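Please read the structure below before turning to the comments.
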Amino acid sequence: MGVKIIIGLLVILGISMIGARKSFVRMRLPFLTQYLFLTGTEFILIGLFLGSNFLNILDEKTLSSLGPFLSLVLGWIGFLFGVQVEFRKLRMFPPSYWMGTVIQSMVTMALVFSVFYWLFWRMVPGEPAFVLAACVVLSAAAGVTAQSVPALVAEEMRAPRVGIVRLVRYISSLDGLVGLGIFGLLFCYIPPVPSGETGLFILLRGLAVSVGLGLIVGFLFNSFMFHKASNEELLLIVIGMVTFSGGIAAYLHLAPLFVCMVMGILVVNLSPARERVMETLVGAEKPVYLILLVLAGATWRVGGAEVFLLAGVYWSARLVGKMLGGYLAIRNLAAFPCPRTVGVTLVSQGGVAVAMVLGFQRAYPSDVTDTVVAIVLLAVMVNELISPYLARRVFDRYCEET
C-alpha cells in the first residue's frame, strides 16, 4: 500500500471521527443555513477540497485504490437502510401509507427519467448503455427522500405526532426502498462489464444472484447471533459481514447497496438480536455517513457551466415530481387533508442518493458518470439548504388549519 493511500485513508478517518463529535450541532445561523450543519452536508465541500480539483490529497489513483473501503461504506449504508424495513412495525400502519410511498416515489422517478432521457441523448455523448444507465440512476436518486430534515423540523415544532408529520416521516423512511430496488435492477440489466447477453434472462439471473447473496449472508449473520457476543464483538461481526457481502457483490459486478439492503431486511425480521444490531449500526452511523460525504466530494469533478444547468433542470424536475407525487400520495391515497404543496416536505435528498451515485461511479466510470455525480451532489446541497424552510412552512400551515 502506497504512502499516499495510507495518508488519504488516515485523513478520511480522522475527519469522520472528529466530525462525528463536533458536527451535527445547532448553531445560531440564518434559518436557511443552520440545518446544513445538522445534516453534515458541508463535508461534501471538505471532500471536494481534498480531491483532485484542489489539494489533490485524494486523487483519482488514491480513490481507485480505496475501492474495497468504499464497498464497505456502501454496504454499511445499504445494511442500515435494510434494518429499518421491519415488517412487524410496518403492519401497524394502514396499507394506504405504503401505496402512497410507492406512488410518490414512482411519479418522481418517472418524471426525472423522462426529462433526462430526452436531454442526455442530445447533450451528453457516451456509450448508449451508459447514457441509459445514467438516466436510471438520476431517477432512482431523485425518488429518495432523506429522513433527517422532516424529523428535525418536526422535533423543533414539538409536533412529531401530528398526523401529516407522521405520514411524511413514514414516507421519507421508506421511499428509498423503491429507488434502491431500481438501482439494484440496473446492475442486473446493464452489467458494468458487458457479457454479450441482454434481455429478461440476464435481468432475472442478476436479480436472483443479488437477492440470493443477500439472503445467504443474512442467514450466516443470524447464525452468529445465537451466541452471546459483546458489543465490541458484535461490531466486528457487522463489519465482517458487510465487508464480505459488499466485497462479493462488487467482485460479481452487482450493487453492494442493494445486496446489503436485502441482508439487512432479513436480519431485522429474523434475527434474535435485532435491537442490538440496530444499536450498533446507529452508533457508527455518523462517522460512516461523513466518510461517504467526504468520498463523494473527493470524487466530484466540477465540470463546466452545462453541468450547473443540468443540475438546475434536475432539481426542478425532482421538485415538480415530489409536489405532484406527494400530493397524490398524501391527499388522495392516504386521505389526509393537506395543502397542495405538501410534496415539498419530501424535497430533502441525503445519504442514500449520494451512496447511489458513488456506487454508480465506481461500477460505470465514464464522463457521463462524472456528470451524474456532479448533478446529484449539487442538488443534494441545495435541497439540504432549502428543504427545512419548505417543510416548516407546510407543517405550520397544516397545524394552523387543524
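The values are calculated or read from the model by the stated rules, or taken from the named source; none is laboratory data. This is a predicted model, so every value here is computed, not measured. Cβ: placed from backbone, ideal geometry, glycine included. Neighbour counts: every protein chain shown. SASA here: full protein model, heavy atoms, side chains in, ligands and nucleic acids out. Shrake-Rupley method; radii C 1.70, N 1.55, O 1.52, S 1.80 Å.
Extension gain, LEU204 to VAL302: 0.36 nm times the residue separation minus the Cα-Cα distance gives 31.6 nm. If the cut-off is 29 Å between C-alpha atoms, which lysines fall inside it for LYS89, apart from same-chain ones fewer than 8 positions away? Partners within reach: LYS228, LYS286, LYS322. Using the Cβ-Cβ distance between LYS89 and LEU220 with R0 set to 22 Å, the FRET efficiency from 1/(1 + (r/R0)^6) comes to roughly 0.35. Accessible area per residue (1.4 Å probe, heavy atoms of protein chains only) ranks SER65, SER245 as SER65, SER245, with the largest value leading. Spin-label pair SER366-PHE54: with each label point 7 Å from Cα along the Cα-Cβ axis, the two points sit 3.1 nm from one another.
Solvent exposure of GLU60, expressed as accessible area, is near 120 Å², computed with a probe of 1.4 Å over the protein chains only. Anyone know which of SER348, SER271, SER230 comes out most mobile in the 10 Å Cα GNM of the chain? The residue that fluctuates most here is SER230.
For the chain, the relative contact order works out to 30 percent when only alpha carbon pairs closer than 8 Å and six or more residues apart are counted. Considering only ILE164, ILE46, ILE18, the Gaussian network model of the chain with Cα springs below 10 Å gives its largest mean-square fluctuation to ILE18.
Over the chain, with a Gaussian network built from C-alpha contacts below 10 Å, which listed residue (GLY359, GLY67, GLY40) shows the highest mean-square fluctuation? Sorting by GNM fluctuation, first place goes to GLY67. With a 1.4 Å probe rolled over the protein heavy atoms of all chains, the accessible area of ASP367, ASP175 falls in the order ASP367, ASP175, largest first.
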